[in-house]
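The values are calculated or read from the model by the stated rules, or taken from the named source; none is laboratory data. Nothing here was measured: the structure is a model prediction, and the numbers come from that model. Cβ sites come from the backbone with ideal geometry, for glycine too, and all protein chains shown count toward neighbours. SASA here: full protein model, heavy atoms, side chains in, ligands and nucleic acids out. Shrake-Rupley method; radii C 1.70, N 1.55, O 1.52, S 1.80 Å.
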Amino acid sequence: MGKSDEQPSIHVGTVSNSAIGIGNSNTVTNTNNYAEPSRDPAQEELLLSVRELRADLGRLVANDATVVLDAELVSTEEEIEEEGLATPGRLARLRDALTAAGPGVELLASGAAAVAAVGALLGG
């Protein structure tokens, strides 16, 4: 058989979670819908209160404690967004930052909500 008589060949390696079509006029439909699992409602509540408290912190006079608190709020928000939950270590650091920021933060509705959400997740 000469080169002109050879059939074209295709080699496909490992394919996962995908759809492929080979040839002319193909239609490919991938029915694998990988929706992210929903987060724990307690984590969602914490995420909401973290966001609200970050917005409210701008209403307070900044000091070292509120700067640290803001950094912990940012880290907590990122962890929940990326991992789906705030770990116990993150929650403990956030609780410590909330305590260090003082009663001014707890007087804010969002501060009280954050304290309550952290307490619920840490079990106390």
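Of the residues in segment 33-52, at least one is surrounded by 15 or more Cβ atoms within 10 Å (Cβ to Cβ), modelled with pLDDT under 95 and not aromatic (F, W, Y). Considering every residue within segment 76-86, establish whether at least one is at pLDDT 90 or above, surrounded by 14 or more Cβ atoms within 10 Å (Cβ to Cβ), part of a helix (DSSP H, G or I) and not acidic (D, E). Scanning segment 76-86, I find at least one residue that is at pLDDT 90 or above, surrounded by 14 or more Cβ atoms within 10 Å (Cβ to Cβ), part of a helix (DSSP H, G or I) and not acidic (D, E), so the answer is yes. Each residue in segment 93-106 was checked for being open to solvent by less than 30 Å² (accessible area, probe 1.4 Å) and either among the basic types (K, R) or part of a helix (DSSP H, G or I) (or both), and 5 pass. Criterion first (open to solvent by less than 40 Å² (accessible area, probe 1.4 Å), over 12 Å from the mean Cα position of the chain (by Cα) and either under 17 Å from G124 (Cβ atoms) or of a type in the set (G, A, S) (or both)) does G89 satisfy it? So G89 fits the description; yes.
V61 falls short on exactly one of the conditions (1) closer than 30 Å to G111 by Cα; (2) hydrophobic (A, V, I, L, M, F, W, C); (3) modelled with pLDDT under 95; (4) open to solvent by less than 80 Å² (accessible area, probe 1.4 Å), and that condition is (4). Considered as a group, the residues in segment 107-124 that are open to solvent by 60 Å² or more (accessible area, probe 1.4 Å) and not in a helix (DSSP H, G or I) include one that is modelled with the highest pLDDT, and that residue is G123.
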